[in-house]
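Comments concern the structure below.
The values are calculated or read from the model by the stated rules, or taken from the named source; none is laboratory data. Quick caveat: nothing in here was measured; it's all calculated off a predicted structure. A quick note on method: Cβ atoms are made from the backbone with ideal geometry, for glycine too, and the neighbour counts reach across all protein chains shown.
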C-alpha cells in the first residue's frame, strides 16, 4: 500500500513537472510579465493572427484591373504601387509630413473622392534597423535561451512574427516537453511588443510578398489603419494604409493596392527614367494629377536637384483646373525647404489656399453657432467680427505667414 502511495506521488510530480511550464506560460499570456530583464505585455483578447487567403483569391482579378486605362504601376520610393492616376472618381492628393525632418519627410498620397473625402490614404514611414533584442542583460541573452533563438533563421523569425499563433502550444510540443517552444513563443511576444505599433490587434503575413500586415486599433469608426512591413538587408520598411470602413469602393482600392504592392528598392537613375516618361505625356496629362504623380515619384528617387521636380509639379498643376488641393501641401513644403513656393501665379497662392481653408472652417463654425443660438438673442461683442466675410478676413489675417512672399525671380517653367 505504501509503495502504491509512493508511486502515485512520483507520477503526480512527473505530471506536474510537465504541466508547470505550460501553466506558467498561460499565466504570462493572461497577465503579462514585468521583470528587470524581461517585459511581456498580456495578450489582448482582440489580438489574433488572421488568414489572408480571401485577399489572395482576389489577386488575379485585381491584377487584371491594373492593366486598365485608369490604373498605373508606379515606382514610388522603395515600392511599386498601383495608383488610379486617371480614375474619374479618385483625386490623388500628395502629402509631405516634414515635422520630424525637413530633408527626409514622410511622404504619401490621399485617394480622395470628388468631394475631397478620403477613400484611402498611404504614407511611407521612416525605415528602422531590425534589432533581435539579444543584447547583454536581458533574458534572451542567456546562453541556453539564445541558443534556441539563434537556431531559427531570420526569415523564419520574420514570418512567425506576423503569422505564428502563440496563444496556445502545439500538442507535439506539450507531449515532447519542449521548453524551447515556450521560450521561442515568449521571444515572439517580446518582439511584437518592441517592433509592432502600439494598439496592434491583428497580424497577417503575405508569404508571396514576404510582407507582414498589422491592424491597428485607433478608435475611429470611419477608418481602419494598417501597417505593411517589409524586411530587406536588415532594415524594416513600413507603409501606413488607411481605408474608409463600410465603403465598397474603398475596399476595392485597398484590394487592388495590396495585391499589386511590391517592394522595389529606390535608386537615383529611376528619377531620370520616370522623368523621361513624363516628357512624353500630352499637355493635358502634364497639367493633371497623372503628370503630378510621375513627377512626385521621380522626386522620391532623386539624390540631387530635387527642387526641379517640385518646381515642375507646382507650375504644371497651376496650369490645370481645380488643382488647389494638390498644390497646398507642395506650396507649404517648398516654402519651408526652399524658401520659395515656385509659383507662377502673381497673386499670393498661399493666401488663396488659406482663404479656401478658412472659408470652410468659418462656414462650419457658423453652422454650429446657428444650431446653438437659434432661439437665443445674441449681443455682439465689440471688436469681434460678426459676419462670415469679416470673420474670414480676420482669421486670414491671423493665419497668413508673415514675411513670406512669392519669389518672382525663380525660374519659370517653359513648356517645350
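Selection of segment 99-131 for residues being surrounded by 16 or more Cβ atoms within 10 Å (Cβ to Cβ) and either assigned to a loop (DSSP other than H, G, I, E, B) or modelled with pLDDT under 90 (or both) yields 105, 130. Among (1) more than 19 Å from residue 110 (Cα to Cα); (2) not in a helix (DSSP H, G or I), which single condition is residue 239 missing? Single failed check for residue 239: (1). Looking at segment 266-286 only, could you name the residues that are farther than 17 Å from residue 72 by Cα and surrounded by 13 or more Cβ atoms within 10 Å (Cβ to Cβ)? If the condition is that a residue be farther than 17 Å from residue 72 by Cα and surrounded by 13 or more Cβ atoms within 10 Å (Cβ to Cβ), then 266 is the only one that fits. Pairs are defined by a Cβ separation below 8 Å, a sequence spacing of at least 6 or placement on different chains, a first member in segment 250-261 that is closer than 12 Å to residue 226 by Cβ, and a second member that is modelled with pLDDT under 90 and in a helix (DSSP H, G or I); the pairs so defined are 258/55. Candidates are the residues of segment 281-318 that are closer than 19 Å to residue 84 by Cα and not in a helix (DSSP H, G or I); the one that is nearest to the chain's Cα centre (by Cα) is 288. All conditions but one from (1) farther than 19 Å from residue 128 by Cα; (2) assigned to a strand (DSSP E or B); (3) touching a helix residue (DSSP H, G or I) at 6+ places or on another chain (Cβ under 9 Å) apply to residue 252; the one that does not is (2). The numbered conditions (1) assigned by TED's automatic domain parsing to the domain that holds residue 151; (2) part of a helix (DSSP H, G or I) are all true for residue 270 except (1).
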